[in-house]
């Protein structure tokens, strides 16, 4: 790994003491697939450890030619363009690395995305931004970016390119600095450094001690509360307060309720139907359960009540509802079951055991959503997703059939960039209805984007 580069205090051309203002654009699909052909381990490290190669990029990679000696990089823009249908699992790693993630799903039956068009438009936008970006870094081997690099050179901006595989000679010649792919794998991805030695495993506490500490914590919470303590609140706090308590097994008792039932809480009374634990000498029992025997609530009745809550929430919303929102509603209205999710441990497991009739659960999105097929627009669009096709149209307003290529081209002349970007951000559900038309439109859009670059 090369020497660490620090910003020089005498830099004037690139901002006093600030180094180069850089903008990074990553064609994730292109880079990941290229690395995977070389080494699957390198591809996974690129996708899962973005902070490592970002540090190498800013601290160790030399500056492009004609930059002041010793000039460091400031990555003011970090954008990653990926296909969420294929690479959704890598999104969290790039979120943690400070990237803006631009979803570019497949628009044709061959799986072609609009990544290159989005990147071209964003680069042109940054070129005209009030902030003067000194360097544009492009991670892609797609030769379609050649006109963009030429335009950046005409505007006296430095260009740095990472092209995995065999990029065209013209594409390489347009870059001021071409990152060597082997150097990127060795130094940027850290294959020249030994894997860190994991710290020694902490000794595992006996489960009996963990259970005793849990009982002491519950007694402390009740003693310090002027009203009955909420069991769901206690369940959420216990794993963080008790060392060695894993919510996956609850000290060997499988779920939170079984753990609490096993504890000797002396004078404390646990009322699962109300979702509270109280001291009868200090607290009055909740009115709605006064006189009821402990544990008299029927789990089956509780599950039925949850199902009705979900249906009521969907009817009130009139659209798909996130599972996170539904969990919050259940916590507010069915605290007893929410304490350990009816013995299932997690909300997802509880949902999967419920009889929800025609309702459908989609876990492909973050947190999951539930939809009712009876909603208008929830039917399957040809080739589209049964959940998102109608939802996307409802959220974005009425959609229209894509216009013919000639009409679209005529309407994007003044100003071309703004109208083209607006069209690209329309819901994609209509494109699924005519894959052949989507292919023709994709070619038209690419040609228009390249003309924008040349005219800019």
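Every number here is computed from the coordinates shown, using simple stated rules; none is lab data. Worth saying up front: this structure is predicted, and the values here are computed from it rather than measured. Neighbour counts are summed over all protein chains in view; Cβ atoms, including those assigned to glycine, are modelled from backbone coordinates with ideal geometry.
Structural remarks
- Enclosing the Cα atoms of the range 207-289 in their convex hull gives a volume equal to 83 cubic angstrom per residue.
- A crude spin-label estimate for the pair residue 223 and residue 156, with each label 7 Å from Cα along the Cβ direction, gives 7.5 nm.
- P(r) histogram, all alpha-carbon pairs of the range 20-188 included - 10 Å bins from 0, percent: 10, 41, 39, 9, 0
- Residue 265 paired with residue 52, simple spin-label distance in nm, labels 7 Å along Cα-to-beta-carbon: 4.7
- Pairwise label distance in nanometres, residue 208 with residue 60, each label 7 Å out on the Cα-Cβ vector: 5.2
- Stretch gain in nm, segment residue 85-residue 333, where the contour uses 0.36 nm per residue and the Cα spacing is subtracted: 85.7 nm
- Unit Cα scatterers, Debye sum, the range 110-213: log10 I(q)/I(0) for q = 0.10, 0.19 Å⁻¹: -0.46, -1.01
- If the segment from residue 103 to residue 284 were pulled out straight at 0.36 nm per residue, it would be longer than the present Cα-Cα gap by 59.8 nm.
- As a ratio to 2.2 N^0.38 Å, the alpha-carbon radius of gyration computed for the range 97-139 takes the value 1.41.
- Peptides 20-28, 150-158, 73-81, ordered by how many other C-beta atoms sit within 10 Å of their residues on average, highest first, read 20-28, 73-81, 150-158.
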